[in-house]
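The structure appears below as structure tokens.
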Amino acid sequence: MTAPDAARVDYLLRLGDDALILGQRLSEWCGHAPALEVDLSLANVALDLVGQATLLLGEAGDADKLAFHRDVLDFKNCLLVEQPNGDFAQTIARQLLFSTWQHMLLQRLVNSSDRFLVEYASKAVKEVAYHRELASEWAVRLGDGTDESAKRMADGLDWCWRFTPELFEVDATLQTLIDAKVAPDPRGFEDEYRSAISSVLSDAQLEPPADQRAIVGGRRGHHSEHLGHVLAPMQYLQRTYPDATW
Amino acid sequence: MSGDWPLWEVFVRSKGGLSHRHVGSVHAPDAQLALAHARDTYTRRMEGVSLWVVASKDIVASDPDQAGELFEPAENKIYRHPTFYDIPDEVKHI
């Protein structure tokens, strides 16, 4: 390992918290999705992400302690993944924007100089390729569906759009890891990301939303009010009965 | 919502060399999502290496009322099974 430990742990938390929080968000759909089949699809994606979080947080430290005993300000996930599910279209918009980014990141992370990250990325890249595919398929169905579904899909994208610039932000921590060839530079695939999203939206007969003022800060622990509401039910049991087992 | 979607029959090949077997059905708005639903519903536990889906309405089925004329005549024709041959002990793998 060449990168300084602190930066590496921070990066593991960023990737791990992205997966954990989005996995928890998606599992809120369990039993509430528009159809039984969709319920299973979303639960499968959620389980893939929770599995990824277990690996990443386990490498950063004690996975359970990190997941269940940290406070809001200590979470390093991007703001996009903590956004509310909204309706099904908003969930799909969030999934499309995140999975496309995560997939492009993992495609590059397989060449990391860090052996753990190579192993993690090699496993996760296949899972996330499917998440991206599924979200793209649904975005097209909804955008190119009825007037109602197209409006909902456009509204969902509009809600999530301002959180995408954060995905390409590079701060000092990330720069250290980019220099050490541990992490890919996300700016290197920003154009590819924009054109991939535009291509899905074009198939969906949707216009990309107008650019809005970017909202950033998740990587530094500056979260929206939504994250606390994600953590409360997730952490309740371990907080109330510390070290409970079953 | 799923009540509005057509039904698709799902077939899974559990490993190379074996035939696809019918495992159940899913609702989906079109063929591509039917494949995704089949994957998410029936191959979560490494059940398969290949999937087919076919619109249930495209399956031509025999009429249960005709079961008598279609299937019962075969019941008393045991000579159609190759069970009347003596197999020498030296022949293996039969």
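For the range B:52-88, what are the residues that are polar (S, T, N, Q) and surrounded by 10 or more Cβ atoms within 10 Å (Cβ to Cβ)?
To start, the set of residues in the range B:52-88 that are polar (S, T, N, Q) comprises B:56, B:62, B:66, B:76, B:83.
Hit for the range B:52-88 is B:S56, nothing else.
Table: residues versus (1) modelled with pLDDT under 95; (2) facing chain A (nearest Cβ under 10 Å); (3) within 18 Å of the chain's Cα centre (by Cα).
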position: B:H22; (1), (2), (3): no, no, yes
position: B:Q32; (1), (2), (3): no, yes, no
position: B:R45; (1), (2), (3): yes, no, no
position: B:V54; (1), (2), (3): no, no, yes
position: B:K57; (1), (2), (3): no, no, yes
position: B:A61; (1), (2), (3): yes, no, yes
position: B:Q66; (1), (2), (3): yes, no, no
Number of positions in the range B:21-36 that are in contact (Cβ under 8 Å) with a residue 12 or more places away in the chain and either polar (S, T, N, Q) or touching a Ser or Thr at 6+ places or on another chain (Cβ under 7 Å) (or both): 3
Residues of the range A:170-206 satisfying the condition of being closer than 22 Å to A:Y120 by Cα, not aliphatic (A, V, I, L, M) and not in a helix (DSSP H, G or I): A:K181, A:P184, A:D185
Test: residue in the range A:62-81 that is away from every other protein chain (no Cβ under 14 Å), under 22 Å from A:V140 (Cα atoms) and in a helix (DSSP H, G or I): yes
Residues located in the range B:13-32, provided they are touching a helix residue (DSSP H, G or I) at 6+ places or on another chain (Cβ under 6 Å) and of a type in the set (A, V, I, L, M, F, W, C): B:V23, B:V26, B:A28
Criterion (in contact with a strand residue (DSSP E or B) (Cβ under 6 Å, 6 or more places away or on another chain) and either under 26 Å from A:F168 (Cβ atoms) or of a type in the set (D, E) (or both)) met by exactly one of A:E59, A:E37: A:E37
Enumeration of residues in the range A:25-61 that are in a loop (DSSP other than H, G, I, E, B), away from chain B (no Cβ under 11 Å) and buried (at least 19 other Cβ atoms within 10 Å of the Cβ): A:W29
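The values are calculated or read from the model by the stated rules, or taken from the named source; none is laboratory data. Because the structure is a prediction, the values reported are computed rather than measured. We place every Cβ from the backbone using ideal geometry, glycine too, and count neighbours over all the protein chains shown.
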